[in-house]
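S.K.: Structure in structure tokens, see below.
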Amino acid sequence: MKKSILKKAMVVICLGPSLLLSNVMAAGILDGSSNLICATIEAIGCRGGLCSYGLAKNFELPEFMFVDFNNNTVRQTEQSGGIETSPIDQFKKSEGNLVLQGIENGHGWSMVINSKSGAMTVAIAGDEIIYSVLGACTPEK
């Protein structure tokens, strides 16, 4: 059973964004100069050594996030049912990616956004809990 879940998770991690992002970047720049709207697609969550995967909302993670480079914050959108805001403690451009990091509610998080495709990966780690989230970002219009 564990191998099956891990195999499926690896397929999602490897293929998910490339299959879903073919038309995400119709226009816009992903270089940190424009604020972004990001949609979470799938997630893997582990607690105490047991892992499961599914839609991000099934893990009570936001479906949509707004990356506000002007105010150095990432927040849920109203469509996600909340207004939680997390400060961006560190932001760097590295090898074609935007890398953001921060701390919220005792959890560390990292977000990596591919500057060309908009593919997004978020890792969240806390005491005996981790989440890996896949999604896509596009510039706010």
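S.K.: For all pairs of alpha-carbon atoms in the range 70-120, what percent lies in each bin of width 10 Å, listed from the first bin to the last filled one?
M.R.: Per 10 Å bin, starting at 0, the Cα pair percentages come out as 24, 48, 27, 1.
S.K.: Any chance you could run the full-extension gain for Ser34 through Gln90? It's 0.36 nm times the residue separation minus the Cα-Cα distance, nm to one decimal.
M.R.: 18.5 nm
S.K.: While we're looking at this one, here's another question. Which aspartates and glutamates, on any chain, are close to Lys93 with Cα under 15 Å apart, when same-chain ones fewer than 8 places away are left out?
M.R.: Asp31
S.K.: What distance in nm separates the simple spin-label points at Val99 and Glu78, each placed 7 Å from Cα in the Cβ direction?
M.R.: Label-label distance for Val99 and Glu78, simple model: 3.6 nm.
S.K.: Moving to a separate point now. Whole number please: convex hull volume per residue, Cα atoms of the range 45-141, in Å³. If you can, show how the numbers build up before the last one.
M.R.: Details: hull volume 10.6 nm³, N = 97.
Hull volume normalised by residue count: 110 Å³.
S.K.: Testing the spin-label approximation: label points 7 Å from Cα along Cα→Cβ at Ala125 and Lys57. State their distance in nm.
M.R.: A separation of 3.0 nm, rounded to one decimal place.
Values in this text are rule-based calculations from the coordinates and carry no lab data. Values in this document were obtained by computation on a predicted structure and should not be read as measured data. For neighbour counting, all protein chains shown are included, and Cβ atoms are generated from backbone atoms with ideal geometry for every residue, glycine included.
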